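Note sheet for the following structure.
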Amino acid sequence: MWPNMSATPFLLTGFPSLEAAHHWISIPFFAVYISLLLGNGTLLYLIKHDYSLHEPMYYFLAMLAGTDLMVTLTTMPTVMEVLLLNHRAINHAACFIQAYFIHSLSIVESGILLAMAYDRFNAICNPLRYTTILTSTRVVALGVGTFMRGFISTMPPIMRLFSFPYCHSHILSHAFCLHQEVMKLACADITFNILYPIFMFSLTFFLDFLIILFSYILIFQTVIGIASGEERAKAINTCFSHIGCVLIFYVTVLGLSFIHRFGKNVPQVVQIIMSYVCFLFPPLMNPIIYSIKTKQIQHSFFRLFSQHKCRN
């Protein structure tokens, strides 16, 4: 059933033609890696241990931080192996599984951003019913549904990768595996693997973004109707962090998708850099944005720091 398991492994290239500089390039990547782990790990710790953050908004933020951590742990180990240790070979099964998690977690993150928009919509447009709408049960259901959508929807094209013969080049142009790169190496009919991601992209990322956009149109209409200028500012301020995360995520995802689909004349190095930006920049920036723009997160961090200082 799986004809590729003993075949020649794929080779991850990192940055083609810059192999001599890989050790130097690994330094900023390692710094980003540690920052990603610390930033998202700190958010998860604060939300778990600070009871003032046990609200739907922060539960969704914890899901976002957890997803970003999983993206980081899925991609960065192979990146560091290629850049720092020059371990370029990856067997087919490991490559396909990595691609599965990368693409699944991207859809999960899109779904979480959509759930966070639903949270902000109810907090501003239905404040009196907020606690009855976003109960703990519903938050859990939204989280489970979001993860199930991501991990189930990406299975069909990834499962087909296992059955393809690979008789073309085994060289991949990144330091991690992506479905759109692997499928090009198959000596088989890949029509399904070309069309299915387009369908899923429209049904997930594009549709999620449209719903988020529509929800913010309704939110801004509600905010404009608030009589007090101070209340208007307070209401809209609770949305700034989410808006920033949405823009960073969808701009990078749409940019990478556009380059892969239509950027035949785009230099390969631009495609590679855009891939790293897409999978590393949102997880890096999300904790920073929420730490800067959310006073509750700031207060929680200072309380944690003060308690740790007192113990010492």
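Computed from the coordinates by the stated procedures, all read-outs in this text should not be read as laboratory data. Source: prediction; values computed, not measured. All Cβ positions, even for glycine, are placed from backbone atoms using ideal geometry, and neighbour counts span all protein chains on display.
Before moving on, here are some points about what is shown:
- Were the residues from I97 through K48 laid out at 0.36 nm apart, the gain over their Cα-Cα distance would be 14.7 nm.
- Order by protection proxy (mean Cβ within 10 Å, highest first), peptides 107-120, 291-304: 107-120, 291-304
- Taking every C-alpha pair closer than 8 Å and separated by at least 6 residues, the mean separation divided by the residue count of the chain gives a relative contact order of 26 percent.
- Along the axis of the charge dipole computed for the range 10-311 (Cβ charges of +1 for Lys and Arg, -1 for Asp and Glu, origin at the Cα centre), the listed residues L161, F60, N122 are led at the positive end by N122.
- A dipole drawn for the chain from +1 and -1 charges on Cβ atoms has a positive end, and of F220, N40, H92 the residue lying farthest that way is F220.
- Largest-first principal axis extents, alpha carbons of the range 243-296, Å: 46, 17, 10
- Within the chain, the whole DSSP H helices whose Cα atoms reach 20 Å or more along their own axis and whose mean Kyte-Doolittle score is at least 1.6 are 207-224.
- Ordered by the number of other Cβ atoms lying within 10 Å of each residue's own Cβ, fewest first, V79, V253, V270 fall into the sequence V270, V253, V79.
- Lysine pair count for the range 10-311 (Cα-Cα distance under 27 Å; residues 8 or more apart in sequence or on different chains): 9.
- The slack in the chain from I133 to L254, taken as 0.36 nm per residue of separation less the alpha-carbon distance, amounts to 40.4 nm.
- Residues of the range 84-127 with an amide N closer than 13 Å to a point placed 7 Å from the Cα of A20 along the Cα-to-Cβ direction: none.
- Cα point-scatterer Debye curve for the chain, base-10 log of I(q)/I(0) at q = 0.07, 0.10, 0.11, 0.12 Å⁻¹: -0.32, -0.63, -0.75, -0.87
- Ranking of F249, F205, F214 by count of other Cβ atoms within 10 Å, fewest first: F214, F205, F249
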